[in-house]
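S.K.: Quick one: the structure is below, and I'll ask about it shortly.
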Amino acid sequence: MNRQEFLTQLRRGLHGLPQEDIDERLTFYREMIDDRVEEGLSEDEAVAEIGDVGEIVSQILADTPLTKLVKEKIKPKSPVKPWAVVLMILGFPLWFPILAAVAVIILSAYIVVWSVIISLWAVFASVIASALGGVFSAAYFALSGKVVSSLAVLAVSLICAGLAILAFFVCFAVTKGVIRLTKKAAIGIKHMIVGKETSR
């Protein structure tokens, strides 16, 4: 892929961003390619070294605030017609509750997911506390001369410690997965807002 093809694909991928942002990114990547060509690479090699256009677009969208994308998307391209304003006002009792309900459902689902994660970490903390409490109890029983009770409590403490280690890895993996899923969902929403360009 040569420089012009790369920049054309990049422009198409970023078409939902504000025009000044698109121009800034295109200038940045154009200069990056020119620098590599001046270092002795061919255009194709310079473009290949920069990376895949789709990944670059995804990274740019991930770094762009959602509010900026929404503002650009809803910015009218032409003056709003009076009849459109009247229809929006008359339709408000219908579209606003639906929009609010969808937003509340999405927010509730997100809160539920994080509540489960917080509960998992609470279980981890309680198992750790049980293991530590068991060690102190075992020491107390040993000092009291109750060797059998001390050994039994120490055994339970070791089991709790093992469960705590397992719980830590489970909690860490689940938390990391939800964070990764949240990032992917945010990028997916941004891609939906930006959409696909078909006209160029």
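S.K.: Between S42 and I111, how high is the FRET efficiency from 1/(1 + (r/R0)^6) when r is the Cβ-Cβ distance and R₀ = 41 Å? Nearest 0.05.
M.R.: For S42 and I111, the calculated efficiency is 0.20.
S.K.: Tell me which DSSP H helices of the chain clear both cut-offs, 27 Å or more of axial length from alpha-carbon atoms and a mean Kyte-Doolittle hydropathy of at least 0.0.
M.R.: Flagged H segments are 82-143, 147-194.
S.K.: Mind checking the dipole of the stretch 3-74: about its Cα centre, +1 per Lys or Arg Cβ, -1 per Asp or Glu Cβ, Debye to the nearest 20?
M.R.: Here the stretch 3-74 has a charge dipole of around 620 debye.
S.K.: Also, I was wondering about something else. At 222 nm, what value in deg cm²/dmol follows for the chain if DSSP H runs of at least 4 each add -39500 (n - 2.57) and the sum is divided by all its residues, to the nearest 500?
M.R.: The helix contribution divided over the chain gives -30000 deg cm²/dmol.
None of the figures in this text is laboratory data; all of them are computed from the coordinates on show. The structure displayed is predicted, hence computed values, not measured ones. Note that each Cβ is placed from the backbone with ideal geometry, even for glycine, and that neighbours are counted across all protein chains shown.
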